[in-house]
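Worksheet: one structure, shown below.
The values are calculated or read from the model by the stated rules, or taken from the named source; none is laboratory data. The structure displayed is predicted, hence computed values, not measured ones. Positions of Cβ are backbone-derived with ideal geometry, glycine not excepted, and every protein chain shown enters the neighbour counts. With ligands, DNA and RNA removed, areas are computed over all heavy atoms of the protein, side chains included. Shrake-Rupley method; radii C 1.70, N 1.55, O 1.52, S 1.80 Å.
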Amino acid sequence: MIEELLPPPLAVVESFGDPEQPPPLFPEEERAIARAVDGRRREFTTVRHCARQALAALGGPAVPLLPGERGAPGWPDGFLGSMTHCRGYRAAAVARVGEVVGVGIDAEPDEPLRDREVLRLIALPEEREMLARLDATHPGVSWERLLFSAKESVYKVWFPLTRKWLDFEEARLVIDPEGRTFEAELLVPGPVVDGAKIQNFSGRWTSGKGLLVTSISLFPGLPE
């Protein structure tokens, strides 16, 4: 699913479950999840196996991929990337620094949010109006869950560029149900890339197999 969203020079690998024999972890990674429950351990292990496969496709090294500040994964020098995992799905996207400026991916089950209060926390009033319109005109997709996933992708691009937190209400999204794209307007000063401040991220999304997957990729030479 993720391959249809992210073009070369990004390398992407996905898995629709965990292998019976878990791939090996580096000792540093083992220590990072020493107290994790079995489910968390499996998703941690499989998504890093995906990431190492994507790195290898670009000639990158096999190294520990440890959670860093605010859980953001650390990447070897010269590479950047993003990981995601949810029930029944794990994926990683990797690129060489210089060929790609930033990437964010997220996957969620295509089902309503479990806690109805969450929608009030993640969606601006105008976004809730948009979701109501989408529910009425394009049923069959959990648009509230897609909004959540898209905002997660926004954050995964934002944080490595700024090293700052971004609240859900600090980005306004517009979802295109026909083109399967979305636009995110940052409501706080955006990151500076190649000397230009970026206030908007353009993303893509797809659905299938009970999943929603979103992505954002930034390339050099972006207009201001």
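Determine if region 208-221 includes at least one residue that is in a strand (DSSP E or B), of a type in the set (A, V, I, L, M) and surrounded by fewer than 17 Cβ atoms within 10 Å (Cβ to Cβ). Among the residues of region 208-221, not one is in a strand (DSSP E or B), of a type in the set (A, V, I, L, M) and surrounded by fewer than 17 Cβ atoms within 10 Å (Cβ to Cβ), which makes the answer no. Figure legend. Inter-residue proximity from region 28-53: first residues farther than 16 Å from G88 by Cβ, second residues in a helix (DSSP H, G or I) and open to solvent by 40 Å² or more (accessible area, probe 1.4 Å), beta-carbon distance below 7 Å, spacing 6+ or different chains. Indicated pairs: I33/R40; I33/R41. Selection of region 7-28 for residues being among the acidic types (D, E) and at pLDDT 95 or above yields E14, E28.
Scan region 169-192 for residues that are within 13 Å of S217 (Cα to Cα) and open to solvent by less than 70 Å² (accessible area, probe 1.4 Å) and report the count.
As a first pass, look at region 169-192 and keep what is within 13 Å of S217 (Cα to Cα): 181-184.
Still in the running and open to solvent by less than 70 Å² (accessible area, probe 1.4 Å): 181-182, 184.
Adding up the residues that qualify gives 3.
Counted as qualifying within region 9-118 are the strands (runs of 3 or more DSSP E) with 3 or more residues that are open to solvent by 20 Å² or more (accessible area, probe 1.4 Å) and in contact with a helix residue (DSSP H, G or I) (Cβ under 6 Å, 6 or more places away or on another chain), namely 11-15. The condition of being within 26 Å of W75 (Cβ to Cβ), touching a Leu at 6+ places or on another chain (Cβ under 8 Å), assigned to a helix (DSSP H, G or I) and modelled with pLDDT of 95 or more does not hold for V188. Which one is most open to solvent (accessible area, probe 1.4 Å) among residues in region 119-134 that are modelled with pLDDT under 95 and over 30 Å from V192 (Cβ atoms)? Per the stated criteria, the residue is R120. Count of region 135-150 residues, restricted to those that are touching a residue at least 24 places away in the same chain (Cβ under 8 Å), assigned to a helix (DSSP H, G or I) and open to solvent by 10 Å² or more (accessible area, probe 1.4 Å), is 4.
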